[in-house]
Amino acid sequence: MSSDHDLSPYEAARLGRIRRNEEKLRSLGLLGSGAVKPKAQPRKKAQPRKRPKQTQLPSRSSKRLRLLKEGVKEEDAKGADSSEEEENAASSAPEDDTVTYANIPQEPDHLDDSEFQVYVALRAWRLRRKNELDVEPYKICQNRTLCELLRKRRNDSDFASSGMGEEAVEQDLLSVWGIGPSKAAQGGFGWEMLEVVNGEENMKLLQLSRENVPKKDD
């Protein structure tokens, strides 16, 4: 069965974590019509702690071997390592309050959760076009291009806006890494990416990202 995305295991695990968190918020009435998404709170600076000297680093064993040692049957322990890797990948994803929005991201690790979902939508578009044109994905655009485009729109809601006129949109697109004249011209891949970003759900996600900036302490 074909997949509607080509995300890495790390990215797929992160997307799964985001959706589980949203479902929890929705069940609590914190997501949906009229609900307010909690804003990220600034992190407290951690106090440095003295670590005891270690004479020997602990060895890392797989989850499957640990289960087998505990008496779990081989067939029941299968798949434990892959699931543990996905859990570790999801838990290591950046939290929204650690994102520096003034910086232009070069990879999806530098996106917050709302931006990441727009990135996933762009990846799905690229996969569809890749299959239609039978070309390598990088020939359409690279991941860095997707990240930079959506961050620039996130930081400036007027960036490459259709109300600006064709020439202005092309100039904005040309400012994005990886977009040249052919992709920036009307009808090019740049305009197709904008159609994805301009989708109702993705516009809502970018607005949530704008509202996610933590307040500075007085």
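Tabulated data for the structure shown
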read-out	value
Residue within segment 205-217 that is open to solvent by 50 Å² or more (accessible area, probe 1.4 Å), assigned to a helix (DSSP H, G or I) and among the hydroxyl-bearing types (Ser, Thr, Tyr) present	no
Unmet requirement for residue 138, which otherwise passes all of (1) open to solvent by 10 Å² or more (accessible area, probe 1.4 Å); (2) touching a residue at least 12 places away in the same chain (Cβ under 8 Å); (3) over 26 Å from residue 208 (Cα atoms)	(2)
Hits in segment 166-180 - residues which are open to solvent by 10 Å² or more (accessible area, probe 1.4 Å) and part of a helix (DSSP H, G or I)	166, 167, 168, 170, 171, 172, 174
Identity of the residue in segment 107-122, under 17 Å from residue 140 (Cα atoms) and free of Cβ contacts under 8 Å to residues at least 60 places away in the same chain, that ends up least open to solvent (accessible area, probe 1.4 Å)	119
Yes/no for residue 146 being of a type in the set (A, V, I, L, M, F, W, C), under 20 Å from the mean Cα position of the chain (by Cα) and at pLDDT 95 or above	yes
Subset of segment 141-165 [outside any helix (DSSP H, G or I) and either open to solvent by 30 Å² or more (accessible area, probe 1.4 Å) or without any contact (Cβ under 8 Å) to a residue 12 or more places away in the chain (or both)]	142, 156, 157, 158, 161, 165
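The values are calculated or read from the model by the stated rules, or taken from the named source; none is laboratory data. For clarity, every value in this text was computed on a predicted model and none was experimentally measured. Virtual Cβ from ideal backbone geometry, glycine too; neighbours counted across all protein chains shown. Please note that ligands, DNA and RNA were not included when accessible areas were found on the heavy atoms of the full protein model with its side chains. Shrake-Rupley method; radii C 1.70, N 1.55, O 1.52, S 1.80 Å.
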